[in-house]
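All remarks here apply to the structure that follows.
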Amino acid sequence: MNTELQGIASKYAEAVLELAINLKQEEKVLDEIKLISEVIASDREMTIIINHPSIDTKEKKAFLSSLFNGKISDLSANLIGLLADKRRLDLIPFIEHGYRELLNKRKNIVSATLSCSERLPDSSVANIRAQLAEHLGKTLELDVQVDSSLIGGVVLKMGDQVIDGSLKGQLKALEKALLSV
């Protein structure tokens, strides 16, 4: 992700979250921002139109208003309008990401990704989730993905922390150790 855009988007995310908290609509607004981001990203032509500098802001706002009319709250509609006015509609995916992180932090939720070489049984995933949640003392949102390139074992990613217990990772570490001799 572009760190400059992330920085700008985080300010919008903070402001929108604060307003959503006051309206007691935190989850609803997250779902709406996600919807807006997905709809725009789903069609390449729409993304080009939304971000094209020669298309008038009023036209973009009218188009987006007609697209999301009745499907999103006034807060989310106002966000889209503000972003259109500021020519910052390209920030929507970054705002979604920042909003989700801020909301999770507020709710004491940690997001993590568990990559494994083959699909794990549900009981194993539940056991890993329970142990991590107990260790962290927080609620855990765990995304489990299959990555056959790992050969065996698992890789856990939480934020910028990575715990590599994969066979592929162990082989790379061994290779590095042998090459350094």
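Here are a few things to note about the model shown:
- Degrees separating the helix 74-85 axis from the principal Cα axis of the chain, which is the longest one: 80 degrees
- Distance between modelled label sites at ASP147 and GLU59, nm, 7 Å Cα→Cβ extension: 4.3 nm
- The angle between the Cα long axis of helix 26-42 and the main principal axis of the chain comes to about 90°, on a 0 to 90 degree scale.
- For semi-axes √(5λ) of the Cα gyration tensor in Å, the value calculated from this model appears in [x] 38, 21, 15; [y] 57, 18, 12; [z] 50, 15, 11 under label [x].
- Proximal lysines to LYS138, defined as alpha-carbon separation beneath 20 angstrom and excluding residues fewer than eight positions away on the same chain: LYS105, LYS107, LYS157
- Annotation: extensible slack from LYS34 through GLU101 equals 22.8 nm (criterion: 0.36 nm per residue apart, minus Cα-Cα distance).
- Relative contact order, whole percent, for the chain stands at 21, derived from Cα pairs under 8 Å and 6 or more residues apart.
- Degrees separating the helix 167-179 axis from the principal Cα axis of the chain, which is the longest one: 70 degrees
- GNM on the chain, alpha-carbon springs under 10 angstrom: the most fluctuating residue among LEU89, LEU132, LEU23 is LEU23.
- Cα lying deepest toward the dipole's positive end in the chain, options GLY165, LEU17, GLY81, charges on Cβ: LEU17
Any read-out appearing in this document is the output of simple, stated calculations on the displayed coordinates, not a laboratory observation. Predicted, not measured: the structure shown is a model, and the values here were computed from it. Neighbour counts run over all protein chains shown; Cβ positions are idealised from the backbone, glycine included.
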